Amino acid sequence: MSAPACFIFHTTIHDREAIAPYLASAMATVTAFGGRRLLMGGPATAVEGQAPEGLTVILEFPNKAAAEAWYASPVYQAILGIRLGSSTSNAYLVEAIDQSIIRPAWNEDRQDDASGTEAWSADLIQSDRTAL
């Protein structure tokens, strides 16, 4: 089974009227490729480092191939110029780490136990460097 992948967008809209057609049709292109919106919000509050400006949008796809196919699809490319012309964005595609490479001791029953963090991190790094 392949791991899910997420597109993360940090977007500052400069022209709300111009971006309206993009906003009206973008989600239909996402769902056509098995995607869904996990989050749309902002502004972000910095806890570490600097918070991104504008809105944050996270789209989840069943796998990286589906996410890449969506972004490259003619239907999305047809509206992408609208977003690029009416906003400034940073976009990232992130593939989930295969959960089977995380040692069993750091599962749901251990998430509150900070004492295992160092061991979990070391196991993750040693288990599969290509996944990182």
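Readers should treat all values here as calculations from the given coordinates under stated rules, not as data from a laboratory. Keep in mind the model is a prediction, meaning the values are calculated, not measured. When we count neighbours, we look across all protein chains shown, and the Cβ atoms used for this are built from the backbone with ideal geometry, even at glycine.
Values as computed for the structure displayed
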read-out: Inter-probe distance in nm under a simple model that places probes 7 Å from Cα toward Cβ, at ALA18 and LEU84; value: 1.3
read-out: Segment TYR92-ALA46, length gained on full extension (0.36 nm per residue, minus Cα span); value: 14.7 nm
read-out: Size of electric dipole in the range 5-95: Cβ of Lys, Arg +1 and of Asp, Glu -1, about Cα centre, debye, nearest 20; value: 200
read-out: Net charge contributed by nearby residues that have their C-beta within less than 15 Å of GLU60 (K/R +1, D/E -1); value: +1
